[in-house]
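Down below is the structure, laid out as structure tokens.
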Amino acid sequence: MRTWTFCLVRTLALVAMFAAMAQAQTKTPDFSGAWGPYRGGRGADPKLVAPPATPLALKPDYAKPYEARRAAEAEASKRGEPLATGGAQCIPYGVPTMMRIASYPVEILQMPKQITIIGEAFSEVRRVFMDKPQAPVDDVAPGYYGRSAGHWDGDTLVVDTIGIKPSVNGYLGMPHSEKMRVTERFKLLAPDVLHDQITIEDPVVLEKPVTYTLAFRRLPDYEMVEFVCDNNREYVDEKGIVRMRVKGQ
């Protein structure tokens, strides 16, 4: 009897230990706080630097006008007459571009049912609804941020976004259709280094999905700054070139 009782107690203790280990391994990380671009540099751990992006392969009907536009942008920049962008006209960048605007940080507010991501540039806000099914593409009204549904895959936050309207500037200025789907995988590579792996699929525009990664570093004491686009010193002329207003205009 004593032997049987001892074995039962030992078995229950082992079960409890393995359950605790499993819980510790599946505990979701906390991404809350401000995050700025992590660019690596001399002496940086190469494992923490974002890997190279996959090639952007547009279908022929979209590739030619896209390449012509990029060439025109490069030529205009050489002349010191940059062509107009959405930002110059106070138009939001939207998903996924808002995740990296120059050196501006993003802030993550993490709650069990919703994760909110705020970009300091233009004060853009997107919401990730956790553990809710994604809606059909045709049921989502197209917008700048679409509808994002998220879930945890172990220690990785997986976010599926649909419903980005075609007028929203895409990755590297790429065109896209209403069928575009953006899948992100957020993962801590180190306690203070976060990667956002972004995969874009679009059966209308892309020959194959394109994937790129953004690396962030935690900014523990940073306070997000208000950014309101009310600067009307810039305007777009009849040739689509950004100009600066001078006194008297």
Just name the residue that is nearest to THR116 (Cα to Cα) out of those in region 154-164 that are in contact (Cβ under 8 Å) with a residue 60 or more places away in the chain and surrounded by fewer than 20 Cβ atoms within 10 Å (Cβ to Cβ). ASP155
With the requirement that a residue be part of a strand (DSSP E or B) and either open to solvent by 40 Å² or more (accessible area, probe 1.4 Å) or of a type in the set (S, T, N, Q) (or both), what does region 172-189 give you? ARG181, THR183, ARG185, LYS187, LEU188, LEU189
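Residue-by-condition table, conditions (1) farther than 24 Å from PRO112 by Cβ; (2) touching a strand residue (DSSP E or B) at 6+ places or on another chain (Cβ under 7 Å); (3) at pLDDT 95 or above:
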{"position": "TRP152", "(1), (2), (3)": "no, no, yes"}
{"position": "THR199", "(1), (2), (3)": "yes, yes, yes"}
{"position": "LEU206", "(1), (2), (3)": "yes, yes, yes"}
{"position": "PHE216", "(1), (2), (3)": "no, yes, yes"}
{"position": "GLU234", "(1), (2), (3)": "yes, yes, no"}
{"position": "GLY248", "(1), (2), (3)": "yes, no, no"}
Just the residues that are aliphatic (A, V, I, L, M) and over 14 Å from PRO37 (Cβ atoms), please, taken from region 103-118. ILE108, LEU109, MET111, ILE115, ILE117, ILE118
Selection status of ALA88, farther than 25 Å from GLU223 by Cβ, at pLDDT below 95 and over 20 Å from the mean Cα position of the chain (by Cα): yes
Taking region 145-161 and keeping only residues that are among the aliphatic types (A, V, I, L, M) and either over 13 Å from the mean Cα position of the chain (by Cα) or outside any strand (DSSP E or B) (or both), one is left with ALA149
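The values are calculated or read from the model by the stated rules, or taken from the named source; none is laboratory data. Keep in mind the model is a prediction, meaning the values are calculated, not measured. So basically every Cβ, Gly included, is an ideal-geometry build from the backbone, and we count neighbours across all protein chains shown. Note: accessible area is taken over every heavy atom of the protein model, side chains too, but ligands, DNA and RNA are not part of it. Shrake-Rupley method; radii C 1.70, N 1.55, O 1.52, S 1.80 Å.
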